[in-house]
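Encoded as structure tokens, the structure appears first; notes follow it.
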Amino acid sequence: MDLSLSSGIPLQAFLVLAAVLFCTGVWGLINSRNAVRVLMSIELMLNAVNINLMAFSSYLDGQLIRGQVFAIFVITVAAAEAAVGLAILLSLYRNRDTVDMERFNLLRW
Amino acid sequence: MTIASTTQLICFAVLAFTVVAGALGVVLLPNVVYAAFLLGGVFLSVAGLYLMLNASFVAAAQVLVYVGAVNVLILFAIMLVNKREDLSAIPGLALRRVLSGLVCGGLFALLIRVAFTTPWVPGPEPVGEEATIRIGEHLFSDYLLPFELASVLLLMAMIGAIVLARRDVFSEDIATGESVDQGLIEKARTPLLLDRSGR
């Protein structure tokens, strides 16, 4: 089965790249001490998902390109998420006077 | 192997390397400012990958929204909270890193297995340069409701961000009547935060 179409790049290459990006984002999300870096890791994960959507849209759904429409919605929601997340981070910094994730433990059991 | 496909392969290799190296830098670099700039590089490379996938409109949206808005927002957030603080050591940090690395490796293996064992059915030829027209048709026919909801969502996010990040500043101290320092916000707090509970 040939998935490479006219280009020489198979679909799996994009999927592997997106998987690497997503796993890097997950690792950074778990291990970052700085709250800004946590938000950056979330953006990495969203970009990985977008790469997947675009690859599927081009290789499997070439006429309707619903994946591209979906990617535009993901970009919109990501922009809203970044704005609200950074505003929350700012007000958290004012209240706790730190950006260390380990010290945001008010709700720890 | 023609020249065109070779060029495409080289472009993909360069972009993929930039994405992976930039993502690792974002996660691992100790300086968060460098991490933010590398994040911009990752966004630009992802836009290049979109161009390779016949999606010029989404590539332009990626550059405008991610590099132009989100990355600048992150840089401003770094500037507003740039207190140098020595992170206190916590016990079991190395063990936690190894464990989460194992979990991520497992997730990666799962994704790779799915990608290589699923029998993907090749679709029709991609539309190429007509993609922007198709996206416009989609947005104003079968995706009209999500499109309008997205505008409401953006408005809510904008107002929410303003409300969350704003702080009430009084021009004079309520208790003493003296004028209050209204300098830039994120420095050590003088009487800016007033107790308004009536005590």
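Could you check B:Ile133 against (1) over 21 Å from the mean Cα position of the chain (by Cα); (2) within 26 Å of A:Thr24 (Cβ to Cβ) and say which number it fails? Status for B:Ile133: all satisfied but (2).
Restricting attention to segment A:6-18 and to residues that are closer than 17 Å to B:Asn54 by Cα and more than 7 Å from chain B (Cβ to nearest Cβ), the residue that is farthest from the chain's Cα centre (by Cα) turns out to be A:Ser6. B:Lys83 fulfils the conditions (1) closer than 30 Å to A:Val99 by Cβ; (2) modelled with pLDDT of 95 or more except for a single criterion, (2).
Results for (1) without any contact (Cβ under 8 Å) to a residue 12 or more places away in the chain; (2) over 30 Å from B:Glu148 (Cα atoms), shown as yes or no for each residue.
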residue	(1), (2)
A:Val16	yes, yes
A:Met40	no, no
A:Asn47	no, no
A:Ile65	yes, no
A:Thr76	yes, no
A:Asn105	yes, yes
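Among the residues of segment B:120-152, those that are among the small types (Gly, Ala, Ser), within 22 Å of B:Ala59 (Cα to Cα) and more than 7 Å from chain A (Cβ to nearest Cβ) comprise B:Gly128, B:Gly136, B:Ser151. Annotation: A:Leu64 fulfils all but one of (1) assigned to a loop (DSSP other than H, G, I, E, B); (2) more than 26 Å from B:Leu153 (Cα to Cα); the unmet one is (2).
Out of A:Leu21, A:Leu44, A:Leu86, which single residue is at the interface with chain B (Cβ under 7 Å from one of its Cβ atoms), surrounded by 23 or more Cβ atoms within 10 Å (Cβ to Cβ) and touching a Ser or Thr at 6+ places or on another chain (Cβ under 8 Å)? Of A:Leu21, A:Leu44, A:Leu86, the one residue that is at the interface with chain B (Cβ under 7 Å from one of its Cβ atoms), surrounded by 23 or more Cβ atoms within 10 Å (Cβ to Cβ) and touching a Ser or Thr at 6+ places or on another chain (Cβ under 8 Å) is A:Leu44.
The values are calculated or read from the model by the stated rules, or taken from the named source; none is laboratory data. Bear in mind that the values here come from a model prediction, so they are computed numbers and not experimental data. In this analysis, Cβ positions are derived from the backbone assuming ideal geometry, glycine residues included, and neighbour counts consider all displayed protein chains.
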